[in-house]
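Quick notes on the structure that follows.
Throughout, read-outs are computed from the coordinates displayed, never taken from laboratory work. Just so it is clear, the structure is predicted and the values come from calculations on it, not from any experiment. Using ideal geometry, Cβ is built from the backbone for each residue, glycine included, and neighbour counts are taken over all protein chains shown.
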Amino acid sequence: IQGHSRKLGERLDMDEIMQHVQPGDEHWIDVGLHGAFFANASSIAVQGLRSKYSKAKRLHFHFVKQLHDEGDTQGGRSGTDIVVQVDLRALHEKGARIRRAPETNVYLTEGLPHELGDADQRWIAPCFIMRIIVKRTGKVLFKGQHLKWQQGEVEPMTPRGPEEDRAASPQPASG
């Protein structure tokens, strides 16, 4: 039920099935971990997480509090090789609803409306992405702008069109 299918997800009342959480709640987490594929790291760093382009036309983005070794992929798709750390507190403060599946401890959000006006697309902007890390080695591929954004030092990124996406080239994190 955890939001993989837009067709099924839109027919369900997620508030009845899942627990709404917010800062201060017992099960709240400030940082959510999202499993993704290395091939998408640059795109995620530039464009954020976008629902419209997922193969399953996902209704929700999935997060866990921690990743487990030994084959436990709960909250992360099998075979994913990077972890995207997302600032769920900042996302919530901008209006995103965060829900938790009590039986699996998976956190879901629809993200925020896409600023370009595409009604079907929701996203998690790059300004909410803290880091992108290689699962196996722990190497940081990208460090996001989220801390500078929270302190008002930079403006949040807005989505780009396809031509701008091709031209954008995120810089790898140093150190």
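Please give the contour-minus-distance gain from VAL31 to LYS139: 0.36 nm per residue of separation, less the Cα-Cα distance, rounded to one decimal in nm.
37.1 nm
On the beta carbon distance between ILE17 and ASN40, with R0 = 22 Å, the FRET formula returns roughly 0.20.
For the listed peptides 25-33, 126-134, a ranking on the average number of other beta carbons within 10 Å per residue, highest first, reads 126-134, 25-33.
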